[in-house]
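What follows is a short report on a single structure.
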Amino acid sequence: MKVTARSGGAAFLAACALLGFGASFALASKAGATAAPQQTTEPPTTTTTTPPPTEPPVQPPPSGPAPIAFGVTVGGVRVGGMLPYQARKAVEKVYAEPLQLVVDEAHALTLPPGSFGAKANFEKAVRRARFARPGAVVPLDVAVSQGRVRSYVDRLGNRIDRDARDARIVLQGLRPRAIEAQEGRALRRLGTGRAIRTALATNSRLPIRLRYEVTKPEVRSAKLDEAIVIMRSSNKLLYFDNAKYVRSFGVATGQAAYPTPLGDFEIVNLQRNPWWYPPPSPWATDSEPVPPGPGNPLGTRWMGLSVPYVGIHGTPDAASIGYSASHGCIRMRIPDAEWLFQHVKIGTPVFIVSK
């Protein structure tokens, strides 16, 4: 019984201890719930929520055609990086430039491609360029009318062809002047037509230098020393040296029935103290040759011209000077004829004009 009572007392004490611990725990919890909040010196912190960054919306690819690949050319025109319509305008602009034909150092012709009936297929060339690889060379197809090119080249040749021209002495007004020789030329028509068609087909606008067959003149140079101008109506003879006027003389020219011929001549015969022989003309039918001497109709000097039976000579009939009195020759006073004889030579040009 003692053991049992002792055990019961111990259990009672343990139960009391458990009750006390529970009561203290409850009080502590209640005190924590009712206690005032502790104040601090730092401001209260507030927390905000920032939405995460968003990426820009993806733009859809453009619906139009893509640019042509870089380095692509169409008919020699760089169109890389251009849109098709830009490429076509660029090619059309270059193709519309005129062809230049260089005739010689001083003359050139410019002609639009349409002059030859040329038509370029721009649409086809640009379409091929759109799908070409970078750096591709796309040709420009051009249709050229060979008939129109040939016709133009023939007309051009007829305009610019020329015969060779010998050097000569001509008269400008009443003053002689030397004209230089000039080579003849004939346009190479086949080569010119081929060059034009090639330039149109390749869209090239480099100048086309025309080629010729060249002919040489027979007389390469004409040195103007002395020259004679005879004014038939005025009955005057003008002497020039190196194209400069030196002297004038009164002369007698042909009468109306036997006029002195007009034109360009030269001295072909020189005689001192000549014989006179009757020409085959009605006015000299019954005449006999006359030896040199005071009564010779030719005086003391004869300068025959490059026209039959006509020449410049002295005359014993000084009263005829200043009139149309001869049978076609040009008469001079004897001293004047002797002076002139000393200043001319075979080949001296003689111009006879109507003035």
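Just to be sure before I move on: is LEU174 of a type in the set (A, V, I, L, M) and within 19 Å of the chain's Cα centre (by Cα) in the structure I sent?
no
Quick check on ALA66: is it under 29 Å from the mean Cα position of the chain (by Cα) and at pLDDT below 95? So ALA66 fails the test.
When LEU237, LEU187, LEU174 are screened for being in contact with a Phe, Trp or Tyr (Cβ under 9 Å, 6 or more places away or on another chain) and under 30 Å from PRO279 (Cα atoms), only LEU237 passes.
Answer yes if at least one residue in the stretch 164-178 is farther than 28 Å from VAL350 by Cβ and outside any strand (DSSP E or B), and no otherwise.
At the first step, the residues of the stretch 164-178 found to be farther than 28 Å from VAL350 by Cβ are none.
No: the stretch 164-178 contains no residue that is farther than 28 Å from VAL350 by Cβ and outside any strand (DSSP E or B).
The set of residues in the stretch 119-150 that are touching a Pro at 6+ places or on another chain (Cβ under 9 Å), aliphatic (A, V, I, L, M) and closer than 20 Å to ILE196 by Cα comprises ALA120, VAL142, VAL144. The set of residues in the stretch 259-279 that are buried (at least 19 other Cβ atoms within 10 Å of the Cβ) and assigned to a loop (DSSP other than H, G, I, E, B) comprises THR260, PRO274.
Picking from residues in the stretch 190-249 that are in a strand (DSSP E or B) and small (Gly, Ala, Ser), the one that is surrounded by the most Cβ atoms within 10 Å (Cβ to Cβ) is ALA227. When the stretch 219-255 is filtered for residues that are under 14 Å from ALA178 (Cα atoms) and without any contact (Cβ under 8 Å) to a residue 40 or more places away in the chain, the ones remaining, listed by number, are ASN242, LYS244. Within the stretch 293-342, being within 59 Å of the chain's Cα centre (by Cα), farther than 14 Å from PHE249 by Cα and part of a loop (DSSP other than H, G, I, E, B) holds for SER306, VAL307, PRO308, TYR309, VAL310, HIS327, GLY328, CYS329. Of the candidates ASP154, ASP104, ASP166, ASP141, the single residue that is modelled with pLDDT of 95 or more and either in the same structural domain as PHE240 (by TED's automatic domain parsing) or of a type in the set (Asp, Glu) (or both) is ASP154. Kindly list the number of the only condition in (1) touching a residue at least 60 places away in the same chain (Cβ under 8 Å); (2) touching a His at 6+ places or on another chain (Cβ under 7 Å); (3) not polar (S, T, N, Q) that fails for LEU298. Of everything listed in (1) touching a residue at least 60 places away in the same chain (Cβ under 8 Å); (2) touching a His at 6+ places or on another chain (Cβ under 7 Å); (3) not polar (S, T, N, Q), LEU298 misses just condition (1).
Report whether or not ARG205 is under 30 Å from PHE116 (Cα atoms) and at pLDDT below 95. Criteria met by ARG205.
The values are calculated or read from the model by the stated rules, or taken from the named source; none is laboratory data. For clarity, every value in this text was computed on a predicted model and none was experimentally measured. Cβ atoms come from the backbone with ideal geometry, glycine included; neighbour counts cover every protein chain shown.
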